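**Student:** Take this structure first; my questions come after.
The values are calculated or read from the model by the stated rules, or taken from the named source; none is laboratory data. For clarity, every value in this text was computed on a predicted model and none was experimentally measured. Reconstructed Cβ throughout: ideal geometry from the backbone, glycine too, with neighbour counts over all protein chains shown.
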Amino acid sequence: MKKLVLWMVMAPVTGLCLSFMYSPSAVNHPSSKTGKLIISFRNSVDALPLELNKTYINSLQEPFKVTRLKYYISHIELDNTSAVITPDANYFLVNEEAPVSKTITVPFPAGSYHRITFLLGVDSLRNVSGAQSGALDPLNGMFWTWNSGYIMAKLEGRSPASSLPLQQFEFHIGGFQGRDNVLKKISLAFPGGKPFVLKAGKTLTIDINANIQKWFQGPRSISIATHPSCTTPGSLAKQIADNYAEMFSIVSVTD
Amino acid sequence: MNVKRSTLSLYFIILITTSFGLMADSCSKKVKNNIATTPLQPDIPEGFPKPVYDFENNPLTEEGFALGRKLFYDGRLSIDGNFPCASCHQQFAAFSSYDHSFSHGFNNAFTTRNAPGLFNEAWQSAFHLDGGINNLEVQPLAPITAPNEMAESIENIIRKLNKDDVYRQMFRSAFGDDAITSQRMLKALAQFTVSLVSADSKYDRFKKGLLAFTPYEERGYALFKQKCATCHTEPLFTDGSFRNIGLPAVPGIDDLGRMKITGDPADSLKFKVPSLRNVNITVPYMHDGRFASLEACLQHYNNGVVKSATVDPLVADGIHLSNTEVVDMVAFLRTLTDTTLTKNPRFADPEHKAIFSPDRH
């Protein structure tokens, strides 16, 4: 009987202790102080909306068509505040072929904000952390298998200026370590100089334009004739990344 | 008393069921969707350094290991069904390609490098002879998608596996539900490859004082510590660095090694220092399998080193061994063979099918 009493006390105590020990680590749950941040990307060639397989002219007077355009957006912040999502969910692949991928919706703390910041690419830690899922799944065709690492941004197309078979050109831009690092932190101030307010339960929508022309013409001129292909980390990839880092601009912010 | 007893037992039943309910709910790591996994402890031999592999990110389980093992031996990971991982990584050869300088892949194509043995991978910080792969988990993407190896796509493998009830059941057992994803497949494969530990050779038993070396082996070991151990460092028999030991590039293949990854001319002709564990059974030798015997390797160190800007100072002037020293050294290198690894039934083909026809191993 004594033993029984002891059990009656110990069992619930042990049970409780165990349940505390294994309680899942605190995850940020969208709370009542959270609104929704919607970032909508549109791609263009200068003032013209980008359409796949349509001919445009780059600033070096080379006609070109885009067949594929993809880039990673990660670590989105407004001022110094981050989205209310798990670290695993902090990566987005904008893919011109998949219209839904061009709109990113994340729960975000309510507040008054002046600027948006994000990383164009995948941070170095995730490049060395083994098998990933979601936007980082190697199925997305953005992972180099022979030289581990993510392709941060990819532009493929055709141009008569290219000397490659089928007049292809392909820019697969990656590299995350040391002097090959092409990660770009993009920071865009909201227009009008005044803050925009995200209220709890409401949305803040940011329309961002990415001008593909910048891949060819930024701090450097990259002509398809001289560089029809860039598929490894290195100095050419860095130059192209310096160029495309300038492609984003805010079209509008709506609160 | 009777009443008392039944109330008591009722109390107990409620208590036990609720506390179990609570536990099952909260131990989500070990019990997912009411599917229990059996945790496995990583095998970390005495005297080995801390593993590089992040076991916390991929906790070993009996179920994950079993799935990885099945995948490793499954031809469906290759386009025509003929080239599972195990076709190039054979257990009896410490998971290297025995007696082939280049391994056979799809469509009679050859790999451009010699398949190394697979063991003690948890202690490697870079994979492949050029170190191009930075994590064991993503390594399989390279052979699976290479046109001269398995020539398959991950999408297609997932499609094939999804058609197989056994696989769906095994993914469920290992990961809690039967979704077959690249991440789960890669983590399971890593659970298998990371478990291939080699630490029970004659050398290891000698180090533990369990047996004695012959005089040849003893002299060979002394020589080894003096002339080779800077690069082939105990207990892993590699320091993980990339070095050029003066093997000239073969025209037509022109494998520049580490430079292929870094683009840095200072890395030209540097290759990862291979572990010498099991070296006697991983013939042929060097990144391209150019030497067919241990004696030929020693001959290279003796007088074959071709000097170039990146050749390692430790070997630039050769490492000279007399004929008797060569005999001693080879005797020592043979003590590194670990039959506990090559004969472990846990690492063998789970379906015991004979995948190696005599003309294609």
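**Student:** Across the range B:110-138, which residue is surrounded by the most Cβ atoms within 10 Å (Cβ to Cβ) among those that are part of a loop (DSSP other than H, G, I, E, B) and of a type in the set (D, E, K, R)?
**Tutor:** In this case the residue turns out to be B:ASP130.
**Student:** Now for a different question. When you go through B:LYS160, B:LYS187 one by one, which is the residue that is within 21 Å of B:ASN57 (Cβ to Cβ) and over 13 Å from the mean Cα position of the chain (by Cα)?
**Tutor:** Being within 21 Å of B:ASN57 (Cβ to Cβ) and over 13 Å from the mean Cα position of the chain (by Cα) holds for just one of B:LYS160, B:LYS187, which is B:LYS187.
**Student:** Is there a residue being more than 14 Å from chain A (Cβ to nearest Cβ), without any contact (Cβ under 8 Å) to a residue 24 or more places away in the chain and outside any loop (DSSP other than H, G, I, E, B) anywhere in the range B:224-239?
**Tutor:** Within the range B:224-239 (the criterion being more than 14 Å from chain A (Cβ to nearest Cβ), without any contact (Cβ under 8 Å) to a residue 24 or more places away in the chain and outside any loop (DSSP other than H, G, I, E, B)), the answer is yes, since at least one residue qualifies.
**Student:** Suppose we keep only residues that are more than 19 Å from B:LEU136 (Cβ to Cβ), in contact (Cβ under 8 Å) with a residue 24 or more places away in the chain and out of contact with any Ser or Thr (no Cβ under 9 Å at 6 or more places or on another chain) within the range B:53-82. Which one would you say is surrounded by the most Cβ atoms within 10 Å (Cβ to Cβ)?
**Tutor:** B:ARG76
**Student:** Out of B:ASN82, B:ASN148, B:ASN114, B:ASN156, report the one residue that is touching a strand residue (DSSP E or B) at 6+ places or on another chain (Cβ under 7 Å), over 17 Å from B:TYR53 (Cβ atoms) and polar (S, T, N, Q).
**Tutor:** Criteria check complete, one pass: B:ASN148.
**Student:** Keeping to the range B:171-183, report how many residues are more than 8 Å from chain A (Cβ to nearest Cβ) and more than 15 Å from B:PRO39 (Cα to Cα).
**Tutor:** 6
**Student:** Being outside any loop (DSSP other than H, G, I, E, B) and without any contact (Cβ under 8 Å) to a residue 12 or more places away in the chain is the filter here; which residues of the range B:139-155 pass it?
**Tutor:** B:THR145, B:GLU155
**Student:** Another question about this same structure. With B:PHE83, B:PHE102 as the choices, which residue is aromatic (Phe, Trp, Tyr), within 25 Å of B:HIS287 (Cα to Cα), modelled with pLDDT under 85 and more than 16 Å from the chain's Cα centre (by Cα)?
**Tutor:** B:PHE102 is the lone residue from the list that is aromatic (Phe, Trp, Tyr), within 25 Å of B:HIS287 (Cα to Cα), modelled with pLDDT under 85 and more than 16 Å from the chain's Cα centre (by Cα).
**Student:** Among the residues of the range B:240-264, what is the count of those that are surrounded by fewer than 22 Cβ atoms within 10 Å (Cβ to Cβ) and assigned to a loop (DSSP other than H, G, I, E, B)?
**Tutor:** Total meeting the criteria: 15.
**Student:** Can you tell me which condition A:GLU97 does not meet? The list is (1) out of contact with any Leu (no Cβ under 6 Å at 6 or more places or on another chain); (2) in a strand (DSSP E or B); (3) surrounded by fewer than 22 Cβ atoms within 10 Å (Cβ to Cβ), and all the others hold.
**Tutor:** (2)
**Student:** Taking the range A:80-98 as the region of interest, how many residues are over 9 Å from the mean Cα position of the chain (by Cα) and at pLDDT below 95?
**Tutor:** 10
**Student:** Now a separate question. I need the full set of residues from the range A:58-108 which are touching a residue at least 40 places away in the same chain (Cβ under 8 Å) and of a type in the set (D, E, K, R), in order please.
**Tutor:** Scanning the range A:58-108 gives A:GLU62, A:LYS65, A:ARG68, A:LYS70, A:GLU77, A:ASP88, A:GLU96, A:GLU97, A:LYS102.
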